[in-house]
Amino acid sequence: MSDTSKTVKSDSPEPEKSGTATKVDKTEGVVETQETVAPADDPTAAPVAVVDPRLLVREEGLKGYLTEFKRKVKGGELGSLPVVIGLIVIWTIFQTQNDRFLSADNLSNISYFLSATGMLAIGLVFVLLLGEIDLSVGSVSGLSSTLFAVFAVNHGMNPWLALVLAVLTGVAIGSLQGWFFAKVGVPAFVVTLAGFLGWNGLMLWLLGDSGTINIPSESGPVHLLGQSSFFMDQAIIGAYLLAGLAVVLSLVGNFNEQRRRKAAGVPFRPTSEILLRVGALAVAAFVSAAVLNDAAGVSNALVIFLAALVIVDFVLRRTTYGRQVFAVGGGIEAARRAGINVPMVRITVFAISGGFAAIGGMFFAGQTASATLSAGGGNTLMLAIAAAVIGGTSLFGGRGSVWSALLGMLVIQSIQTGLDLLNMNTSIQYMITGGVLLGAVVIDSVSRKSQKAAGRG
């Protein structure tokens, strides 16, 4: 064991330090130091070594990890476990009903069509982390795709410049709504509900009587996001290159974290655990690449969606801004007293949500090669919110991950595709998706109560 543990008892009054025990790890040659303390109520008692529980888990090997897993489940720290189990159950049920469900072509369709709504869900994860809601993302996505069509088709603007203007419009709309919420004090529910109606009306006005603007899809951003656009022109090596890149980035990231924690003298993951985690990722990545290659390759829309997840995950977990978002979602007053500019965080979060809604609108335009009256309408908003919540982001704020957008959309898109294969009515699809959403919220509520009972809430 190579961890260096410096243990200090937190009970008051401050315990008297009575000695230091030093041990040399023969396997890695690292010195491990543990301070010993004497019980405060009995000065004559023998010193007791206080050890970080995370070190005990790793020293006990597999038994320690199983014990830690049981403790987390009892304490309500479920993470992505419920959605992973749910996904396995859904895939098993549909495969038993139709053997085409887990075919390469069907899995390729699922991976492509989850990207557009998944983009909206990424932005909503930021808003949900604050414990708020943004009801306007569907309308903003429709308005942005319409603006792109007006700029690029009606006015002949360069498509890439039109794309940038459309996305900036989404960011500006999100900032405006965030300003009303953070500075004026209007509840986010009311502001974004007004946005849901107002931006949808503006989209209808821009589309005019025709109601549709067809967008050329032979080149430009619409072609890039279309269903016939694939990474490296469907080259088989392309999917395996992406899988290899994901494994290398994960390996480098884990070892960098290990090095930083070693330097800081805090517990860190041993090398064996890192290799096990990265090995599991490698299996999943290369199996997925092989399946998609059996169909037509990896769509560019999926590549862009996954790249966005990696970047946003880095921002949320590795930057000061990301920690501020979690802090504001965990407790506004505590965040304010810690010196965090709460209004700034709130406004930027809604700006991010608006920006991702606009990008999602471009994905929808790529799927249909047009801007239509139905863009961003229907159940788009509900599915985006459901994806974030089903994937594990808490509706109560302060807990979640952007990867929940991917997991939640996998669940929703699997249900839609599976029911289509079984020729079931859309009404059944809505009822099942609603039931899954309710189950996710119930699990979130129960796990939060369990954490409070365990003193972790």
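The values are calculated or read from the model by the stated rules, or taken from the named source; none is laboratory data. Predicted model only: the values in this text are computed from it and were never measured. Quick reminder, even Gly has a Cβ in these numbers, built from the backbone with ideal geometry, and neighbours come from all protein chains shown. Protein only, heavy atoms only, side chains kept; ligands, DNA and RNA dropped before computing areas. Shrake-Rupley method; radii C 1.70, N 1.55, O 1.52, S 1.80 Å.
Could you give the accessible area per residue of the stretch 196-332, probe 1.4 Å, as a whole number in Å²?
54
Measuring from label point to label point, each 7 Å out along Cα→Cβ, what is the Val283 to Thr67 span in nm?
Here the modelled spin labels are 2.6 nm apart.
If you wrap a convex hull around the alpha carbons of the stretch 218-339, what volume per residue comes out, as a whole number of Å³?
Cα-based convex hull of the stretch 218-339, divided per residue, equals 151 Å³.
Taking 0.36 nm per residue of sequence separation and subtracting the Cα-Cα distance, how much length would be gained by fully extending the chain between Asp209 and Val252, in nm to one decimal?
Result: 10.0 nm gained on full extension.
Quote the relative contact order of the stretch 325-426 in percent (integer), defining contacts as alpha-carbon pairs under 8 Å separated by 6+ residues.
24
Using a 1.4 Å probe on the protein heavy atoms, what percent of the accessible area of the stretch 363-449 belongs to carbon and sulfur?
68
Quick one: length gained pulling Ser80 to Val164 fully straight, 0.36 nm per residue minus the C-alpha distance?
26.8 nm
For the stretch 188-277, compute Rh as the Kirkwood radius over C-alpha pairs and then the Stokes-Einstein diffusion coefficient at 25 °C and 0.890 mPa s; write the answer in µm²/s, rounded to an integer.
Once the numbers are plugged in, D ends up at 130 µm²/s.
Under 5 Å between amide hydrogens, which residues at least 5 positions from Ser370 or on another chain qualify, with H placed 1.01 Å from N in the peptide plane?
Ile215
Determine the relative contact order of the stretch 259-411: mean sequence separation of Cα pairs under 8 Å and six or more apart, normalised by residue count, in whole percent.
Value for the stretch 259-411: 18 percent.
Once amide H atoms are placed 1.01 Å from N in the peptide plane, what residues at a sequence separation of 5 or more from Ser401, or on another chain, have their amide H within under 5 Å of its amide H?
Thr393
Through the Karplus equation 6.51 cos²θ - 1.76 cosθ + 1.60, θ set to phi - 60°, convert the phi angles of the stretch 141-152 into ³J(HN,Hα) values in whole Hz; use x for Gly and Pro.
Running phi through 6.51 cos²θ - 1.76 cosθ + 1.60 with θ = phi - 60° gives 5, x, 5, 5, 5, 5, 4, 4, 5, 5, 5, 7 Hz.
Using a 1.4 Å probe on the protein heavy atoms, what percent of the accessible area of the stretch 117-189 belongs to carbon and sulfur?
C and S fraction of accessible area: 72 percent.
Over the heavy atoms of Tyr240, what accessible area does a 1.4 Å probe trace out, to the nearest 10 Å²?
80
In the full protein assembly as shown, how much of Lys262 is accessible to a 1.4 Å probe, in Å² to the nearest 10?
Answer for Lys262: close to 90 Å² accessible.
Can you give the log10 of the normalised intensity I(q)/I(0) at q = 0.15, 0.25, 0.27 Å⁻¹, computed with Debye over equal Cα scatterers of the stretch 144-189?
Taken in order of the listed q values, log10 I(q)/I(0) reads -0.47, -0.75, -0.82.
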